[in-house]
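Trainee: This structure is in structure tokens; I'll ask about it shortly.
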Amino acid sequence: SPNATYSGACHLFHYSPQWATRDVVGHEFAHGVVNYTSSLEYLFQSGALNESFADIFGHFVDPGDWLVGEDLPGGALRDMSDPPEFGQPDRMSTYQLIPDTSDRGGVHTNSGIHNKAAFLLTDGGLFNGRQIVGIGAAKADRLLYASLTGLVSTSRFLDARNRALWIAKVWANPVSPVFGFTTADVCSVRNAFAAVELGSGDADCDGIEDVFEQDS
């Protein structure tokens, strides 16, 4: 069937006719970047992160919408802003337990969870009881790339959240901020991931996670 793939073993990209669209090419090249950085194992949560980061950087090179593959002959494959529209979960409580004999444990399915967090982090919005202020594409792109390159092959969703949060906190140092990051951006990271049920949020953005205070 028509498809696009990246083979890390032989450094080969393959695109079926009419499949070399901007976001799909970005997606496959991002797989190459993943292979040479964190080398996320293509299985279960680490594999879903692998797919999600490929979707994320495919979006950032084709940022007109949050659809994946909207210019393909058969139309879009996924919607990062609304994963359930294409049968994907958008929070951990709806994570799909899929055996490794099927799509490597559902890497193209459960990627919707991290995709939703990336969408909320970038554009903001109200989701799952959380109000998120988006940090914008420029900051989100840098942060998510730094998060990817700090992961290891067996990293899981919560590891990606924790890495993104740690980097945001370092970059938001008031003495020497990096890329314009602020404490408000750190709050957005916490709340975007908390909205998809990864880690604790910070509803009042006071720098103390909700799990540690009673009046959040």
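Trainee: For each cysteine in the chain, check whether another cysteine's C-beta sits under 4.7 Å from its C-beta; list those where none does.
Mentor: Result for the chain is Cys10, no neighbouring Cys Cβ within the cutoff.
Trainee: Show that you can apply the helix-only estimate: for the chain, add -39,500 (n - 2.57) for every DSSP H stretch of four or more residues, divide by all residues, and state [θ] at 222 nm to the nearest 500.
Mentor: Values: 6 runs with 94 residues, N = 216.
Here the helix-only value at 222 nm equals -14500 deg cm²/dmol.
Trainee: Another question, if that's okay. If I stretch the segment between Ser153 and Trp166 completely, what's the gain in nm (0.36 nm per residue apart, minus their alpha carbon distance), one decimal?
Mentor: Numbers: separation 13, 0.36 × 13 = 4.68 nm, distance 1.87 nm.
Stretched out fully, the Ser153 to Trp166 stretch lengthens by 2.8 nm.
Trainee: Would you mind calculating the gained length between Gln96 and Ala137 on full extension (0.36 nm times residue separation, minus the Cα-Cα distance), in nm to one decimal? Write down the numbers at each step before the final one.
Mentor: Values: separation 41, 0.36 × 41 = 14.76 nm, distance 2.87 nm.
11.9 nm is the gain from fully extending Gln96 to Ala137.
Trainee: Another question about this same structure. Across bins of 5 angstrom width beginning at 0, how are the C-alpha pair distances of the chain distributed, in whole percent?
Mentor: 1, 8, 15, 20, 21, 16, 10, 5, 3, 1, 0, 0
Trainee: In the chain, carbon and sulfur make up what percent of the accessible area (probe 1.4 Å)?
Mentor: Working: 5410 of 9870 Å².
That share works out to 55 percent.
Trainee: Return the long-range amide H neighbours of Leu43 (sequence gap of 5 or more, or a different chain), with a cut-off of under 5 Å between placed amide H atoms.
Mentor: Distant-sequence amide H within range of Leu43: Ala48.
Trainee: Mind checking the per residue accessible area of the chain for me, 1.4 Å probe, whole number of Å²?
Mentor: Working: 9870 Å² over 216 residues.
Per-residue accessible area for the chain comes out at 46 Å².
Trainee: Right, here's the next one. Can you compute 3J(HN,Hα) from phi for each residue in region 9-21, using the Karplus curve 6.51 cos²θ - 1.76 cosθ + 1.60 with θ = phi - 60°, rounded to whole Hz and x for Gly and Pro?
Mentor: These are the phi-based 3J(HN,Hα) values: 5, 10, 6, 10, 9, 10, 10, 5, x, 6, 9, 8, 7 Hz.
Trainee: Find the relative contact order for the chain and round it to a whole percent, using C-alpha pairs within less than 8 Å whose residues are 6+ positions apart. Please list the in-between numbers first.
Mentor: On the way: 396 pairs, mean separation 35.5, N = 216.
Relative contact order here is 16 percent.
Trainee: Mind telling me which of Leu126, Leu165, Leu143 comes out most flexible in a GNM of the chain, alpha-carbon contacts under 10 Å?
Mentor: Leu126
Trainee: Then there is this: Of the candidates Ser153, Ser46, Ser93, which one comes out as most mobile in a Gaussian network treatment of the chain with C-alpha springs shorter than 10 Å?
Mentor: Ser93
Trainee: Per the Debye formula with a single identical scatterer at each Cα and no solvent contribution, what log10 I(q)/I(0) holds for region 1-120 at q = 0.10, 0.20, 0.21, 0.22 Å⁻¹?
Mentor: So the normalised log intensities are -0.27, -1.15, -1.26, -1.37.
Trainee: Between Tyr36 and Ser16, what is the label-point separation in nm under the 7 Å Cα-to-beta-carbon projection?
Mentor: Using points 7 Å along Cα→Cβ, the separation is 2.8 nm.
Trainee: Extension gain Asp103-Leu77, at 0.36 nm per residue separation less the Cα-Cα distance, in nm?
Mentor: On the way: separation 26, 0.36 × 26 = 9.36 nm, distance 1.50 nm.
Working it through step by step, the gained length comes to 7.9 nm.
Trainee: For a label point 7 Å from the Cα of Leu126 along Cα→C-beta, name the residues of region 177-191 whose backbone N is under 14 Å from it.
Mentor: So the set is empty, nothing qualifies.
The values are calculated or read from the model by the stated rules, or taken from the named source; none is laboratory data. Worth saying up front: this structure is predicted, and the values here are computed from it rather than measured. Counting neighbours? That spans all protein chains shown, and the Cβs are built from the backbone with ideal geometry, glycine included. Areas reflect the complete protein model, heavy atoms only, side chains present, ligands, DNA and RNA absent. Shrake-Rupley method; radii C 1.70, N 1.55, O 1.52, S 1.80 Å.
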